[in-house]
Structures are given as structure tokens and as C-alpha cells.
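A short worksheet on the structure shown next.
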Amino acid sequence: MDTDTARSPASDEAAGRRREQRGWYFYDWACSVYSTSVLTVFLGPYLTTVAESAADADGFVHPLGVPVRAGSFFAYAVSLSVVLAVLVMPLVGAAADRTGRKKPLLAAAAYTGAAATAGMFFLDGERYLLGGLLLVVANAAQSVAMMLYNSYLPQIALPGERDAVSSRGWAFGYAAGSLVLVANLVLYTGHDGFGVSEGMAVRICLASAGLWWGAFALVPLRRLRDRRAPAGEAALPGFRQLAATVRDMRRHPLTLAFLLAYLVYNDGIQTVITQASVYGSKELGLGQSTLIAAVLLVQVLAVAGALALGRLARRYGAKRAILGCLAAWTLTLAAGYFLPAGAPAWFFALAAGIGLVLGGSQALSRSLFSHLVPPGKEAEYFSAYEVSDRGTSWLGPLLFGLTYQLTGSYRDAIISLVGFFVLGFVLLARVPVRRAITAAGNPVPERI
């Protein structure tokens, strides 16, 4: 045999795994622009402004006859999107596991979300209901797509690789968000020179995120591969599958304990992400250009933070690294309550603090959870995980919106989120992760 050309099955498998990993990174590259440009920067302030233009003399809009303060409409729409996602994700996840056909489902979810985002180009005047509908569809579709995407991680990365692979995926996403935000900033600040109005510039930025999402989703859809479904299993119909998923998860109480902690603290993280621009715009009186620059700073620092915390996790373990991030989140959010209005420098300092812990806390949570999922249940379990991921948490936005509706103060609304980080820290600290990994039937990494 020619030893120069012969390749062992192990080397072929490793090469195929690396190819899939490179393709997998590109879904973060594709969809993170939606999370950054749409959810974090433009849609919150813009949709709030559209709702305010449609409000009555008391500042209320009336979707389906229900009085809603215009400043709370965006937060409520985010909450409604997760209600839809909660109903859909367990069904889709179980079907993906039992049929082995994740890619067609990923494609359907990704392009539904991309189309809804591109449709935001038509959000103008007093069309706040159109904006709310497109947000609900796009955010729910993003949740379903991210659940399927995350469920590939245990299949394309060995246990010792997952922290690094997950962190690289987040870094790809934040790099894409930074790149597109630079283009957004050029268009928005120079909209007169481009011959478009400020509102048109925002609508172009919103729609371009959908086009970016759809275009780059082609890369993972070409490189990821479906796995054969376990023999003899068939998907259950409708909510029978949801009930079966819940019963199965009760057999792994330590996995559920981690998931509860994650649902709590990530609810706080995602609410800060989605509501920070509204807080900066409406409470601190900062302009859109300042908000874009601040989010750009978050993206740049989040790339470095995700990679650095990935290295720290290899030395000290993912659990300890996440706990450190949660302590930093608590201090940063508490400081945000005291930010003076009309002072961009302090807002940039807050953005820097968020950026340094944002990517790492999310990436390490994803990789740690992947160790706690029973083999063959990846999509089904990641459907529960995805309930609170990527800006689709329901309780945080609901609390934020209700606090503002009752008090009329965005400062009170932002400080109400501190409890998520404190409680999440306590719950995570109590989870014996090594025992949880063993109970799930997975090998325990040297550092976890």
C-alpha cells in the first residue's frame, strides 16, 4: 500500500468532522446579523417610534383592542414570539431526532426568519402591527433554527473539543455582526449623502440583515450532514411528543437543574440585549449613531471575550468561567441603573463591560449543556435549551415591559433584571456537573 496516499478511517473521520465544523460556524455568521442589527440596534427604537406615532393622546396603542403603552409594545412582541417558539420547538426537535432529517427543517426555519426580516423594509408610517407580526415570525423562526443548529454540536465535535468549537462559532457570529454594523453605521450616519431619509436607512439596514441571513445560510446547509435516525423509532404526533419530551427530561434531574439555571440567567442576558437600545434611546437620550457605535464595541469585544473565556474554561472549567461571567453581569447591570442621561462615554463603558462577558457566557453555556444531553436526544433537548436563547426569552421582556408600563421609568425596568443573574448564579453553583454528565451517559472531560 502507498503510505503517502493511504488514509486511515480515523483521519478521514477527523477531516470530515473539521469540514462540518467549519460549515457549522457559518450559521452563526449568517444569523447573528439578525440578532445584532435587528434585535439589538434598530428594531426596538424604530418599532417603538412607529408605535408612538400610532398611539392615542395617552400614549397607548390598542392591538386587538388591548390597551398597551407604546413604549412596551416591542418588549411584549418579543415575549409573544417565545410563546410561539415554545409551542413549535419541542415538536420540531423531536421530529429532527427521530427522522434524522435536521437539514430540511433548519433550511425551512432559517429562510422563514430571513424572509420575515427582509419584509421589515415595509415597516413605516403607523404600521406597528406589521412590525410586531414580522418580529414574532422572525424571532420564533430564529429560535427553531438555532435549536437545530445547536443540536449539531454533540455530533460534530468530540467532548474535549466542544468548548473551543462553540466559542469559535460565537466568535464568527460576533465578527459578522461587527462587519455589518460598520456598513449600517456608514449608511445611517451618511443617509443624506446616499439620497435616502433616516427612516429609509433604518429599513434598509433591517432588510439587509434578512438578505445576509439567507445568503450565508447556504454554507452550513451544504456542509452539515444528516445522521441516520435510530431504528424502530417514529415521531409522535402533536402535543403527545411534547408530553413525551417532558417525561423523558424528568429522568435526568441534574440536566434539568442546569437547564433551569440557564433559563433564569440567560433570560436576563437576552433581555438586556434586546432592550439596551430602547434604554439608551428613550431613557438616556442617546442618538442612533451612538447606539450603533456602542453595539459595535460590544461585538468587537465579544469576539475576544468568547475566545479568551474559551481558553479559561480549558484551564479552570466551563462552570467556573460561567459563574465569573454572571458575577460580572450583575455588577455591570447594577451600574447601568446609575448611568447619567446624555453621557455617551459612560454608555460606552457599560457596553465594554457587556462585550467582555457576553460571548463567553453564551458559548460556554451551550458547550456545557451539550455534555448533559443523552445521546440521540440532541435536537429534542436543545429545543428546551433554545427557549431562552438569542433574545427569545419571555419572562425578562415581559417583566421589563410591565415595569415600564407600571412606573413609566426605563431605569426601574432595567434594574428589575438583576434578580435573573443573582438567582441564576445560585442555581448554577448548586449543579454537580460531573455527576450530571455521567448520569446523561456521556464521557466526562478532564476539565468541566
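Taking every protein chain into account, the 1.4 Å probe leaves Met146 with about 0 Å² of accessible area, to the nearest ten. Against the chain, whose longest principal axis is taken from its Cα atoms, helix 43-53 shows a tilt of about 30°. Taking the 0 to 90 degree range and rounding to the nearest ten, how far is the long axis of helix 102-118 tilted relative to the main principal axis of the chain, both from C-alpha atoms? The angle comes out near 10 degrees. Largest GNM mean-square fluctuation across Ser35, Ser11, Ser178, computed for the chain with C-alpha springs under 10 Å, falls on Ser11. You can think of it this way: the chain between Thr189 and Leu331 has 47.9 nm of extra reach, that is 0.36 nm per residue less the Cα-Cα gap.
Across Val144, Val41, Val66, mean-square fluctuation computed from a Gaussian network of the chain (C-alpha pairs under 10 Å connected) peaks at Val66.
Projecting the Cα positions of Val78, Ala313, Leu64 onto the charge dipole of the chain (unit charges on Cβ atoms of Lys, Arg, Asp and Glu, taken about the Cα centre) puts Ala313 furthest along the positive direction. Each listed q (0.10, 0.16 Å⁻¹) maps to a log10 I(q)/I(0) for segment 1-125, found by the Debye formula over equal Cα scatterers with no solvent: -0.53, -0.98. Mean-square fluctuations from a GNM of the chain, with a 10 angstrom spring cutoff on Cα atoms, peak among Arg311, Arg223, Arg247 at Arg247. Surface composition of segment 1-159: carbon and sulfur make up 65 percent of the accessible area, probe 1.4 Å. Taking only alpha carbon atoms, segment 83-224 gives an Rg to Rh ratio of 1.03, where Rh is the Kirkwood radius. To the nearest ten degrees, helix 418-429 and the longest principal axis of the Cα atoms of the chain are 10 degrees apart. Here's the picture: a label point sits 7 Å out from the Cα of Leu218 along the beta-carbon direction, and within segment 114-150 the residues with their amide nitrogen under 17 Å of it are 114-115. At a threshold of 8 angstrom on Cα-Cα distance, excluding pairs fewer than six apart, so keeping six or more, what relative contact order does segment 348-448 reach in percent? The value is 33 percent. Computed from the C-beta positions of Glu198 and Ala352, the FRET efficiency with R₀ = 30 Å rounds to 0.65. Normalised by 2.2 N^0.38 Å, where N counts its residues, the alpha-carbon radius of gyration of segment 341-448 equals 1.36. Exposed loop sites were defined as GluC sites (Glu not before Pro) in DSSP loop states (anything but H, G, I, E or B) carrying at most 15 other C-beta atoms within 10 Å; in the chain the longest segment without such a site runs 234-445. The listed residues Tyr337, Tyr188 rank as Tyr337, Tyr188 when sorted by accessible area, largest first, using a 1.4 Å probe. Taking each residue as 0.36 nm, the span from Ser289 to Arg18 lengthens on full extension beyond its C-alpha to C-alpha distance by 93.6 nm. Normalised Debye scattering of segment 270-424 at q = 0.09, 0.10, 0.15, 0.21 Å⁻¹ gives log10 I(q)/I(0) of -0.31, -0.38, -0.83, -1.41, counting only Cα atoms as equal scatterers and leaving out solvent.
Accessible surface calculations at 1.4 Å, restricted to protein heavy atoms, place segment 338-448 at 36 Å² per residue. When Arg127, Arg320 are compared by accessible area at a 1.4 angstrom probe, the order from most to least is Arg320, Arg127. Normalised by residue number, the volume inside the convex hull of the Cα atoms of segment 93-152 is 61 Å³ per residue.
When Met89, Met200 are compared by accessible surface with a 1.4 Å probe, the order from highest to lowest is Met200, Met89.
Sparse packing (at most 13 other Cβ atoms within 10 Å of the Cβ) combined with a DSSP loop state is found for none of the chymotrypsin sites (Phe, Trp or Tyr not before Pro) in segment 403-448. When the alpha-carbon atoms of the chain are used, the pair Rg, Dmax equals 21.4, 84 angstrom.
The values are calculated or read from the model by the stated rules, or taken from the named source; none is laboratory data. The model shown is predicted, which means the values in this text are computed figures rather than measured ones. When we count neighbours, we look across all protein chains shown, and the Cβ atoms used for this are built from the backbone with ideal geometry, even at glycine. Calculation scope for accessible area: heavy atoms of the full protein, side chains included, ligands and nucleic acids excluded. Shrake-Rupley method; radii C 1.70, N 1.55, O 1.52, S 1.80 Å.
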